[in-house]
Structure formats: structure tokens, C-alpha cells
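Reviewing the structure listed below.
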Amino acid sequence: MILKEKIKVVISDLDGTLLNSDHKISQYTKTVFQELHNQNYLIIVATGRHHLDAMPLVEGLGCPVYLVTSNGARIHSPEKELLFSFDIKSDDIKSILNLDIDPEITTVLFKENVWQTNKINEKLNSFQAELNYMPEIVDFDTLDDVSGIKLFFTHEKHSKLIELRDRILENHTELFSHAFSLPFCLEFMDKSVDKSVAIAKILEKENFVFEQTISFGDGYNDENMLKSSGKALVMGNAPESLKNKLSHLEVILTNDNEGVAKYIAQELLNN
């Protein structure tokens, strides 16, 4: 149980959390979040997605939302004003891209107005149902400027990404933080960037503290956010390794069973 009077801020991840397996937000979830807004809760959505991908999704909630994207490298206000941005330097990204990465691995670089990739990846594109543009296919070796918001890699074999992670971290631990947002998605951000850091900036702006927050997540890029929150819930569909690592946290229904909305309705709204 939670103390309703204490919670003033609701924080949620998108993929695997608010979104179902079809990468959509259910009508019931939208209704619950609109009621949260009506009852004056502050709402923050924090995702690894690019802001261009995430904005159409959160608009579908039908209520004002602070948006943290690229795992904390961008913050947008409910009015879509850019409040914070942080890019990785071109030379730092080149130092990773120069490692002779297996061409089977899909490489993606988030830029401000587009994301660039070395090849078409249908599974990755399936996550982008709301996108109004196609990713830009590039040869990274020919680009002079590869500065960007976030660099990530995807492959069906988790073990192949583990090998790549270990190679990168041999010489890059001082520059980058990393996380598996999904077992097939390995992400690298600047060392200073994390969802929890970005959320702290919003809380300070709105005169709240983490003890007044409740958060929901399913991935390793949610770990610090969940650890920081006053109350944190892990999705039933989260990897077993994350559930074990955060074994002190309650596990709720899966994203396909509207776990976030049902928990909020029962524990915060009493619907």
C-alpha cells in the first residue's frame, strides 16, 4: 500500500510500460491519466525514445505531460518547450564507431531532427508507428559530424550485444553510461545523462522531491529512476534479471494487462 497523501508526481516509462505490445496506449490508460491530471498530479513520461517518436504518443494521453527522452538527454515541457538538451561530442562517438563493429548489428544515432542508421531494421521500425519520417540510412564512416543525442545498437542475439558492450567499455567507461532498454537494444549516453537526473531537474522546477513520486518501469534504463522514487513498481513483463536485481520492489501486471493504469486506479484514484 502507498500513502496517497504523499504522492504528488506520477512517472512512467513508455515501451513495455505505458505502451502495450502493439506500441499503443489503451483507451483505459488514457482515461486514468486524464483523471490523474484532473486530480492535480504532475505527470512525467521518461523514455529512451527520440522526442520526435515520443511526442505523438504522449499527446494521445490527452493531458499535459513533462517529457524526458533519450534517457534524459532531452526534457520538454507540457507545452513542448525544450527545457534541457545535452549532446555527445562527435569525436567521442567516432571513438566507438571506429571499433570495427559487426555489420550484422544495427547502429543508430539520434540527431536533433532525425535518427541515422547504417541499415533498415524492420523490428526497430515497427516501434515507430507514429513517425512521420523514415530513418536516414547513412555510412557513418563518411560523415564528418557524428555528434548526437544518443548512440545505440540492436541485434536479435543479446550475447552479441554483450560482447560489443564489453569491447566498448574497455576504454570508454569515463565517457559513457550505458543500459539495455530491451534485451536486443544496447544504448550509450553521456556519463552525465540518466532518466533520474532529468526527472530531478523537473521536480526542482515544480518544487517537488523524489519522496513524493511514484514510478513505473520495465527496463535497465529505468533502474535509477525506480531506485530514486518514493514508490516504485516493476512491470510484470520486465526481464527476470531486473526483477531479481530490484527484488525489494513490487511487481505489477504486465503492460498488455494495463498494469500501470490499473495500479494507479486502485491505489491513487480508488476507481
Exercise for the section: Mind ranking S12, S181, S85 by accessible surface for me, highest first, 1.4 Å probe? Expected result: S85, S181, S12
Practice task
Any chance you could check the Cα centroid distance between the stretch 200-271 and the stretch 135-198 for me, in angstrom?
Solution key: 24
Practice task
Give the cross-link partners of K160 among the aspartates and glutamates, using a straight C-alpha distance below 15 Å as the criterion and excluding same-chain residues fewer than 8 apart.
Solution key: D100, D102, E104, E187
Fill in the blank from the handout: Scaled by the rule-of-thumb 2.2 N^0.38 Å, the alpha carbon Rg for the stretch 90-190 gives a ratio of 1.02
Practice task
Note the per residue figure in Å³ for the convex hull of the C-alpha positions in the chain.
Solution key: 122
Handout entry: Rg/Rg_ref, the stretch 1-121, where Rg_ref = 2.2 N^0.38 Å and atoms are Cα
Key = 1.27
Problem - Relative contact order [Cα under 8 Å, 6+ residues apart], the chain, whole percent - result: 22
Practice task
Give me the accessible area of M225, 1.4 Å probe, in Å² rounded to the nearest 10.
Solution key: 0
Exercise for the section: Provide the percentage of antiparallel DSSP beta bridges, counting only those with both residues in the stretch 169-271; round to the nearest 5. Expected result: 45
Practice task
Using a 1.4 angstrom probe on heavy atoms only, work out the carbon and sulfur share of the accessible area of the chain in %.
Solution key: 47
Problem - Order of exposure, largest accessible area first, which applies to D144, D92 with probe 1.4 Å - result: D144, D92
Exercise for the section: Would you mind working out the accessible area per residue for the stretch 90-190, using a 1.4 Å probe, and quoting it in Å²? Expected result: 50
Fill in the blank from the handout: Percent antiparallel among DSSP beta bridges confined to the chain, rounded to 5, stands at 55
Practice task
Please determine, in degrees from 0 to 90 and to the nearest 10, the orientation of helix 195-205 with respect to the longest principal axis defined by the Cα atoms of the chain, where the helix direction is its Cα long axis.
Solution key: 50
Problem - Degrees between helix 27-38 axis and first principal axis of the chain (Cα, 0 to 90, nearest 10) - result: 70
Fill in the blank from the handout: L249 neighbourhood, Cβ < 13 Å, K/R = +1, D/E = -1, net charge 0
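The values are calculated or read from the model by the stated rules, or taken from the named source; none is laboratory data. This one's a predicted model, so the numbers in the text were calculated from it and none came from an experiment. A quick note on method: Cβ atoms are made from the backbone with ideal geometry, for glycine too, and the neighbour counts reach across all protein chains shown. Calculation scope for accessible area: heavy atoms of the full protein, side chains included, ligands and nucleic acids excluded. Shrake-Rupley method; radii C 1.70, N 1.55, O 1.52, S 1.80 Å.
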